[in-house]
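Here's the structure we're looking at; comments come further down.
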Amino acid sequence: MVSRKISLLLASVFLLPIALPAQQTANAAKSKPKPRVIMVGVNGMELDIIRPLLLKGQMPNLARITEKGAYGKLRTVSGPNCPRVYTTLFTSTNPEEHGVTGFIVGGITANTHMLKEEPLWSMLSKGDVTVGMANVPATFPVMPVNGYMISGMLTRGKNCEDGVLCAPKLSEVSGGDAVYPAKMREELLKNVGDFYIDCERMPSAGDLKQHEGEVIDHWLAKVQTIRDQQTKLFDYLLASHPTDFTFLAQSCEDRTGHWLYPITPFNVGYNASVNGVRQSAFPDQYIAFDKVLGTILKHVDDNTYVVVVSDHGIKPLREFEEKDPHAHADHEKTTPVIAKHDFADGDDVPGSVFVMGPGVKHGFRIMGLAASVYDIAPTLLHIYGIEQPKQMRGRVLTEVFEGAENKVAASK
Ligand SMILES: [Zn+2]
């Protein structure tokens, strides 16, 4: 584990140019308008579930991106989970290099002090790109950016035990750890209201027993409340604090899939009293997500890039690789899970990417696993004309851009 002293030093190195005189920064920013990118992270989006919904017209906003843009599977890392993959996505380095190897690192909940590689938001900030981020996993405590940052999954607050996911509200996080700049916290509480920063934790086997239907419905209602709050937050941020690069994320879909994936009696772990109750609960999350996407797309014009990205998929249980009796009860280790994603072979649960914007091919499909989570940061830097640093392992996804008319993604 990196000591706090070293990580603070790293943080200051990452963000050195923000200390430039304000006038100089303002002049640089004024010189040329920057490309605008809105990236939306959906945790654990599973293509097997969303493809039928796209075909049936139940995700019209995502369908619009597939028609007007490029999309495909995204190869992920081995044993994928949110902090591990998101940090790979931020840094384009592998988990052992960037330091955020999972939910728990060195016995404590993963946090940004553990970052050993420079994240994308720091590079963009140094390049005078304005950055806005909200609810992105593994961004707690928030770090200074050329804009704002509101933390996401792994935020610690009131009643959070170490190593266990929890869902604190903004008002339950002390100090300025959840919002940068700290003064924005009051503004959000006033204009958006208090909101949950992460999705609700899953109910335990004990909670469910003999109250399955009731507990499931109550939990799903809470998930929708959280989604409604997030939608309001995103809408507010995009309207009141527009930035060149905006990264917003959702985490309720993944959480729902773990225990309410629509499995059949053939699958492992099937329990009719839980899995036979709300068979559409998981697909319904994506239909609900598509409405959030619709709200975001209202802030998008033809000159805006939209990138919807998922860190991994989720699949019903498979493989005999787990010896730990709690291995099939992940996240909180108490919920009977029927689907998961941290399989040793990450290719079993690829993520996905959907991109549209100036110079992006229409209706283009990335076949196989040609694109990976390592490629997102280099591609974003490329859009902003920032050179890819040598530690980055990914590549620019040049194939999604039109050749001749592509001004941003012309080969280097
Ligand atoms: Zn998960």
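The values are calculated or read from the model by the stated rules, or taken from the named source; none is laboratory data. Just so you know, these numbers come straight off a predicted model, no measurement behind them. Heads up, the Cβs are rebuilt from the backbone with ideal geometry, glycines too, and the neighbour counts pull from every protein chain shown. Side chains are part of the model used for accessible areas, which takes the heavy atoms of the whole protein and leaves out ligands, DNA and RNA. Shrake-Rupley method; radii C 1.70, N 1.55, O 1.52, S 1.80 Å.
Amide H of Tyr148 versus every other amide H placed in the peptide plane: which residues, excluding those fewer than 5 positions away on the same chain, fall under 5 Å?
Counting only residues 5 or more places away or on other chains, the set is Val131, Gly132, Met133.
Fully extended, how many nm does the chain gain between His218 and Glu402 (0.36 nm per residue separation, minus their Cα-Cα distance)?
61.5 nm
Mind pulling the angle between the C-alpha long axis of helix 82-91 and the longest principal axis of the chain? Nearest 10 degrees, somewhere in 0 to 90.
Taking Cα atoms only, the helix is inclined about 10 degrees.
Can you tell me the orientation of helix 281-297 relative to the chain, as the angle in degrees between its alpha-carbon axis and the longest Cα principal axis, to the nearest 10?
20
Quick one: of Lys183/Lys390; Lys34/Lys68; Lys116/Lys232; Lys169/Lys390, which pairs are farther than 28 Å apart, Cα to Cα?
Lys183/Lys390; Lys116/Lys232; Lys169/Lys390
Residue farthest toward the positive end of the dipole of the chain, with Cβ of Lys/Arg at +1 and Asp/Glu at -1: which of Val164, His113, Gly351?
About the Cα centre, the residue reaching furthest to the positive side is His113.
Once neighbouring chains are kept in place and the probe is 1.4 Å, which whole percent of the accessible area of segment 136-227 is contributed by carbon and sulfur?
Carbon and sulfur atoms account for 49 percent of the accessible area of segment 136-227.
Quick one: grab Rg to one decimal and Dmax as a whole number for the chain, Cα atoms only, in Å.
Here Rg and the maximum Cα pair distance are 20.4, 65 Å.
Under a 5 Å amide H to amide H cut-off, with H placed in plane at 1.01 Å, what residues pair with Thr139 once short-range neighbours are removed?
Placed amide hydrogens put Gly152 under 5 Å from Thr139.
Which loop GluC sites (Glu not before Pro) in segment 119-202, with loop taken from DSSP, have no more than 14 other Cβ atoms within 10 angstrom of their Cβ?
Loop-located and lightly packed - Glu161.
Would you mind working out the accessible area per residue for the chain, using a 1.4 Å probe, and quoting it in Å²?
Here the per-residue accessible area is 41 Å².
Write down the percent of antiparallel bridges among all DSSP beta bridges whose residues are both part of the chain, to the nearest 5.
40
If I model a spin label at Met184 and Phe266 as a point 7 Å from the Cα along the Cα→Cβ vector, what separation in nanometres do I get?
Going from the Met184 label point to the Phe266 one covers 4.8 nm.
Ser240 to Ser174: FRET efficiency via 1/(1 + (r/R0)^6), r the Cβ-Cβ distance, R0 30 Å, to the nearest 0.05?
According to the calculation, E is roughly 0.75.
Running Debye on segment 249-290 with equal point scatterers at the Cα sites and no solvent, what base-10 log of I(q)/I(0) appears at q = 0.20, 0.23 Å⁻¹?
-0.59, -0.73
Assigning unit charges at the beta carbon (Lys, Arg +1; Asp, Glu -1) and nothing else, what dipole magnitude in debye, to the nearest 20, does the chain show about its Cα centre?
980
Can you run phi through the Karplus equation (6.51, -1.76, 1.60; θ = phi - 60°) for segment 224-233 and list ³J(HN,Hα) in whole Hz, with x for Gly and Pro?
Computed from phi, the couplings for segment 224-233 are 5, 4, 5, 5, 4, 5, 5, 4, 5, 4 Hz.
What is the extension gain from Glu97 to Val300, computed as 0.36 nm multiplied by their sequence separation minus the C-alpha to C-alpha distance, in nm to one decimal?
69.6 nm
Just the accessible area for Lys116, please: 1.4 Å probe, Å², rounded to the nearest 10?
Answer for Lys116: close to 90 Å² accessible.
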